[in-house]
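Notes to accompany the following structure.
Bear in mind that the values in this text are calculations on the coordinates, not laboratory data. Note that the coordinates shown come from a computational prediction; the quantities given were computed from them, not determined experimentally. Cβ placement follows ideal geometry from the backbone for every residue including glycine, while neighbour counts extend to all protein chains displayed.
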Amino acid sequence: MIQVAEALKIIGENSVQMSISKIKVSKSLGYVLAEAVYAPINMPPFRQSAMDGYAFTHSELAQFEVVSTSQAGDFLEDKIQKNQAVRIFTGAFVPDDTDTVVMQEHTRVTDNLLQIEKMPLPGANVRAKGEQIKKGELVLDANTVITPAAIGFLACLGITKIKVYEKPKVAILVTGNELVSAGKKLPKGKIYESNSVMLEAALKTIGIKKTTVFKVKDSLKKTKMVIESCLSNFDVVLISGGISVGDYDYVKEALLKNGVTELFYKINQKPGKPLFFGRKENKLVFALPGNPASSLTCFYVYAIPALKKLMGFEAVHLPETKRKINTAFKNTSGKTLFLKALYDDEKVTVLESQSSAMLNTFSIANGLIVVPENVTALEANDEVTVLPFN
Ligand code: AMP
Ligand code: MG
């Protein structure tokens with residue numbers, strides 16, 4: 001049995017970034033850049049009007065003859081004299097002879113005569129060429145996570161493909177004779193299987209959208225077979241249940257028989273003590289406890305860092321925040337506790353139903369309080385570490 005910090009260290013050391021591939025920018029949401037991207041063009045590519053108004057050359061004059069129009073998309077090459085102005089619109093090319101745009105709300109126009117009522121400063125409302133980014137400058141650094149804004153930024157520079165770390169192919173294997181799929185009739189002695197959909201949803205929160213679910217009865221032979229096929233077809237195998245010490249818990253044996261190296265088994269924590277982490281070449285295996293709250297806690301605390309590292313993320317752990325705990329709390333277990341909790345801007349409250357089998361309060365929790373194994377008692381208002389999730 002090892003401590004939480006050691007388990008996290010082992011996971012970090014054994015999680016290797018995925019291969020790199022070139023993908024379409026339009027499909028890159030949630031991927032992580034594998035190389036720095038530089039601007040192929042200036043943005044904006046030309047001097048651009050920031051307003052609907054009139055372009056002119058700033059001088060002592062306040063009256064101009066409107067001689068032409070520059071609409072967004074136009075490229076107006078006309079020579080503009082000092083006493084002339086151009087009707088211009090947001091995003092349009094600012095003619096070379098002009099240097100300032102006055103917003104239309106500050107003007108009066110009769111026939112073709114423009115009178116500027118409130119004179120802007122020289123250069124006002126003109127976006128300089130390359131103001132946002134100049135050709136050759138860094139657009140996004142390696143390891144940047146692609147967000148909707150990043151997709152827009154890359155696209156506005158005309159970039160269509162980028163190199164990213166691939167996302168791992170993840171298999172979820174649920175074990176247990178007692179499990180029945182939701183939607184079917186529930187026979188006596190059985191329960192509805194819930195870990196597969198829960199883990200699939202949790203994977204989606206970190207950008208892993210496609211997963212394959214396998215279900216197996218408590219049989220060593222069958223468990224071994226399914227694991228063998230998972231190891232050859234997937235990068236990460238998440239197994240639920242069958243990893244404890246019961247007579248019908250075959251997962252560990254089946255993993256070892258398949259050549260998976262045990263990197264740790266059992267962590268001094270509650271919930272989620274019987275977590276197994278192993279590796280076969282670059283394939284990672286997490287055998288999560290079957291109890292739903294343990295399974296999800298282990299996923300958040302241990303599987304997310306591994307998966308994020310594979311995907312190229314730099315910050316892989318759940319973010320940490322500090323809050324004052326609402327009520328006193330005792331930890332006589334000698335284990336690290338991960339408590340389902342609800343935090344707001346100031347405080348954090350420990351929720352009811354901390355049992356590893358229960359999801360009723362996990363469903364409304366927004367974080368886990370971490371109580372280290374050596375902390376035996378917390379007073380109300382003591383500061384604690386909270387791991388926000390969702
Ligand atoms: P195990 O680790 O296989 O002994 O399972 C521990 C507990 O979690 C048992 O009460 C199981 O019935 C329950 N459990 C295991 N797998 C699932 C699952 N996929 N969905 C819901 N409950 C499960
Ligand atoms: Mg079981």
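Run the reach check for residue 82 against aspartates and glutamates, Cα to Cα strictly under 15 Å, same-chain hits fewer than 8 apart removed. What comes back?
60, 65, 96, 97, 99
Read phi for every residue in the range 41-51 and hand back ³J(HN,Hα) as whole Hz from Karplus 6.51 cos²θ - 1.76 cosθ + 1.60, θ = phi - 60°, with x for Gly and Pro.
My calculation for the range 41-51 gives 9, 6, 9, x, x, 8, 5, 10, 6, 9, 9 Hz in order.
Rounded to the nearest 20 debye, what is the charge dipole size of the range 321-388 about its Cα centre when +1 sits on each Lys and Arg Cβ and -1 on each Asp and Glu Cβ?
Once rounded to the nearest 20, the dipole reads 160 debye.
Projected onto the charge dipole of the chain (+1 at Lys/Arg Cβ, -1 at Asp/Glu Cβ, origin at the Cα centre), which of 305, 171, 251 gives the Cα projection farthest towards the positive end?
Going by the charge dipole, the pick is 251.
Expressed as a rounded percentage, what relative contact order does the range 179-261 have, with Cα pairs under 8 Å and six or more residues apart?
21
For n ≥ 4 DSSP H runs only, could you compute -39500 (n - 2.57) per run for the chain, divide by its residues and tell me the 222 nm figure to the nearest 500?
On the way: 7 runs with 65 residues, N = 390.
Result for the chain, helices only: -5000 deg cm²/dmol.
Among 144, 333, 213, whose Cα projects farthest towards the positive end of the dipole of the chain, with charges put on the beta-carbon of Lys, Arg (+1) and Asp, Glu (-1)?
Positive-end residue among those listed: 213.
Quick one: which residues, 5 or more positions from residue 133 or on another chain, have an amide H under 5 Å from its amide H? H modelled 1.01 Å from N in the peptide plane, none for Pro or chain starts.
It is 43, by chain and number.
Roughly speaking, what is the stretch gain from residue 364 to residue 155, that is 0.36 nm per residue apart minus the C-alpha to C-alpha distance, in nm to one decimal?
Result: 71.4 nm gained on full extension.
Quick one: Karplus J couplings for the range 106-115, per residue in order, coefficients 6.51, -1.76, 1.60, θ = phi - 60°, nearest Hz, x for Gly and Pro?
So the J values, rounded to whole Hz, are 9, 9, 9, 10, 10, 6, 9, 9, 9, 10.
Evaluate the distance, in nm, between pseudo-label points positioned 7 Å from the Cα of residue 182 and of residue 131 along their respective Cα→Cβ axes.
The answer from the label model is 5.1 nm.
Multiply the residue separation of residue 142 and residue 220 by 0.36 nm, subtract the distance between their alpha-carbon atoms, and state the gained length in nm to one decimal.
Full extension from residue 142 to residue 220 adds 23.7 nm.
What is the gain in length, in nm to one decimal, between residue 228 and residue 77 on full extension, counting 0.36 nm per residue of separation less the C-alpha to C-alpha distance?
This chain segment gains 47.5 nm when fully extended.
Using the Karplus equation 6.51 cos²θ - 1.76 cosθ + 1.60 (θ = phi - 60°), what ³J(HN,Hα) coupling, rounded to whole Hz, does each residue of the range 201-210 give in order, writing x for Gly and Pro?
Result, ordered by residue: 5, 5, 5, 4, 5, 10, x, 9, 8, 9 Hz.
How big is the antiparallel share of DSSP beta bridges in the chain, given as a percent to the nearest 5?
The antiparallel proportion sits near 65 percent.
Give me 230, 298 ranked fewest to most by other Cβ atoms within 10 Å of their Cβ, as a rough exposure proxy. Each step should come with its number before you reach the end.
Working: 230 23, 298 29.
Fewest-to-most Cβ neighbours within 10 Å comes out as 230, 298.
Quick one: if you stick a label point 7 Å off each Cα along the C-beta vector at residue 324 and residue 117, how many nm between them?
In this crude spin-label approximation the distance works out to 5.5 nm.
Hey, which of these cross-link pairs are over 21 Å Cα-Cα: 210/309; 217/273; 135/309; 9/266; 169/270; 217/257?
On the way: 210/309 18 Å; 217/273 23 Å; 135/309 32 Å; 9/266 15 Å; 169/270 29 Å; 217/257 18 Å.
Among 210/309; 217/273; 135/309; 9/266; 169/270; 217/257, the Cα-Cα distance tops 21 Å for 217/273; 135/309; 169/270.
Expressed as a whole number of Å, what is the distance separating the alpha-carbon centroids of the range 338-360 and the range 56-85?
65
Along the positive direction of the dipole of the chain (beta-carbon charges: Lys, Arg +1; Asp, Glu -1; about the Cα centre), which of 18, 155, 76 reaches farthest?
Farthest towards the positive pole: 18.
If I model a spin label as a point 7 Å beyond the Cα along the Cα-Cβ vector, how far apart are those points for residue 266 and residue 58 in nm?
For the pair residue 266/residue 58, the computed spacing is 7.6 nm.
Can you classify the chain as rounded, prolate or oblate using the Cα gyration tensor, where a ≥ b ≥ c are the square roots of its eigenvalues, rounded means a/c under 1.5, and otherwise it's prolate if a/b beats b/c and oblate if not?
Note, shape of the chain comes out prolate.
Once you charge only the Cβ atoms, +1 for Lys and Arg and -1 for Asp and Glu, what is the size of the charge dipole of the chain about its Cα centre, to the nearest 20 debye?
Charge dipole of the chain: 2120 debye, to the nearest 20.
For the chain, what is the relative contact order in percent, using Cα pairs closer than 8 Å and at least 6 residues apart in sequence?
16
Work out the FRET efficiency for residue 108 and residue 46 from their Cβ-Cβ distance, taking R0 = 30 Å, and round it to the nearest 0.05.
Approximately 0.55, to the nearest 0.05.
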